[in-house]
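Report on the following structure.
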Amino acid sequence: MAKKRSELEEELMTEANIIRVIKLLEPTEGKAITKKDACQILGMAYNTTRLSTIIEDFKKRQERTAQRKAELRGKPATQDEIVYIISEYLNGETVDSITKSTYRGPNFIKQILENNDVPIRQTSHNYFAPGLIPDGATRERFRVGEIVYSARYDSIARIDSEQRDSRYGWIYRVWLLAEKWKQSAYQEAYELASLEHLRQIGVRI
């Protein structure tokens, strides 16, 4: 049975720290740090065998990643890749995590999202300043039961009811599906993005 990692190790055993340790153990000039110091940087108990295994496994993963990226460089995205990237993003994954799982660069991922009019999450969500809805995802009216994206709440939502307002047009009561909300809200049509065009290319909404 694998030994549970300590809280300190959980905090410090990061990709950035492993890269740092490798550079410090294998400097191009100057003196290398001790393996004891390397273990401390990673928050782990002093164990040279485990340290070597961690470093070697990391190097192998880096080599596989570099090889896969080289194989994909210059190749357009397949339809399956496009659907996967959009699905992962709509499910809350970050561009960085999608980059790692697809071996594609962040600009490549962002271009896929932009080309397919996927609503882009704001880096720092502001309820009072919702992000703009992509032109290809705007609608004047939605169907009751339709799954949409709410820019104001930065959440996938379900249309539960509608009403017509003489001043504001169609207003919808939606159920916010993101775990951080799980509540009802009222939204004007211009604050909602249609996802139907994504369903048509194979994205499961």
So what does the Cα-only Debye profile of the range 135-194 read at q = 0.28 Å⁻¹, as log10 I(q)/I(0), no solvent term?
-> -1.21
Gap in Å between the Cα centre of the range 103-117 and the Cα centre of the range 23-73?
-> 30 Å
Rounded, prolate or oblate (a/c below 1.5 giving rounded, otherwise prolate when a/b exceeds b/c) for the range 1-96 by Cα gyration tensor = prolate
Tilt of helix 79-90 relative to the longest C-alpha principal axis of the chain, in degrees (0 to 90, nearest 10)?
-> 80 degrees
Note to self: Kirkwood Rh of the chain, Cα pairs, one decimal, Å, is 20.5 Å
Count neighbours as other Cβ atoms within 10 Å of each site's Cβ, and list the chymotrypsin sites (Phe, Trp or Tyr not before Pro) in the range 149-186 that are DSSP loop with at most 12 such neighbours.
-> Tyr168
Given only helices, namely DSSP H runs of n ≥ 4 each adding -39500 (n - 2.57), what is the per-residue ellipticity at 222 nm of the chain, to the nearest 500 deg cm²/dmol?
-> -12000 deg cm²/dmol
What range in the chain is the longest one free of GluC sites (Glu not before Pro) that are in a loop by DSSP and have at most 16 other Cβ atoms within 10 angstrom?
-> 30-92
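Coordinate-derived values only; no laboratory data. Model, not experiment: these values are computed from the prediction. Backbone-built Cβ (ideal geometry, glycine too); neighbour counts: all protein chains shown.
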